[in-house]
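Shown next, in structure tokens, is the structure this report addresses.
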Amino acid sequence: IALVAEGMNGWAASGAQIIRPFYLAIASRIHVCAGDSQRALSLLNEGIACANNTQETWYLAELHRHRAMLRAALDNDCGESPSGATSISIHDELTLAVELARAQGAALFEERARTQLAHQLAERLKPD
């Protein structure tokens, strides 16, 4: 984690922004694997903001999908919304991911988001 953070900080200090949203998503996954879900969520929020600010949106659908999945996992683990969560529902965020991917013609990203949306809806419909 330290090496990834050091590399990303050095890259950012150079002024480089290209594909930063993608690298923030990768760093987020590393933090999830290390058990630091709150930092992972923060990195996804940063990636979404970066993509919107730079108009480098080719990975934006995946960022939203990853954030929705992480938020769902955190909701299941602790029964409450994680800090740094957005006001958008998990369902709406996955729907947004589908729409963004479709608008970009990103069939793989669209299918991933659709699949996750179907899983999320199935979970909501399960009897208690």
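The values are calculated or read from the model by the stated rules, or taken from the named source; none is laboratory data. Please read all numbers here as calculations on a predicted model, not as lab measurements. Methodologically, a virtual Cβ is constructed for each residue, glycine included, from the backbone with ideal geometry; neighbour enumeration extends over all protein chains shown. Surface areas here come from the heavy atoms of the whole protein model, side chains and all, with no ligands, DNA or RNA. Shrake-Rupley method; radii C 1.70, N 1.55, O 1.52, S 1.80 Å.
Numbers at a glance
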| item | result |
| --- | --- |
| Computed [θ] at 222 nm, deg cm²/dmol, the chain (DSSP H ≥ 4; -39,500 (n - 2.57); rounded to nearest 500) | -25000 deg cm²/dmol |
| Angle between the chain longest axis and helix 60-78 axis [Cα atoms, degrees, rounded to 10] | 60 |
| The chain, relative contact order [Cα under 8 Å, separation at least 6], % | 19 |
| Portion, in percent, of the accessible area of the chain that falls on carbon or sulfur, probe 1.4 Å | 55 |
| Label-point separation, residue 36 to residue 1 (7 Å along Cα→Cβ), nm | 0.3 |
| Å² of accessible area per residue within the chain, as computed with a 1.4 Å probe and no ligands counted | 57 |
| Charge tally in the Cβ shell below 15 Å around residue 100, where Lys, Arg are +1 and Asp, Glu are -1, residue 100 excluded | -2 |
| Virtual spin-label span in nm between residue 119 and residue 104, 7 Å along Cα→Cβ | 2.0 |
| Mean projected area in nm² (Cα convex hull; one quarter of hull surface) for the chain | 8.2 |
| C-alpha long axis of helix 107-125 to longest principal axis of the chain, angle in ° | 40 |
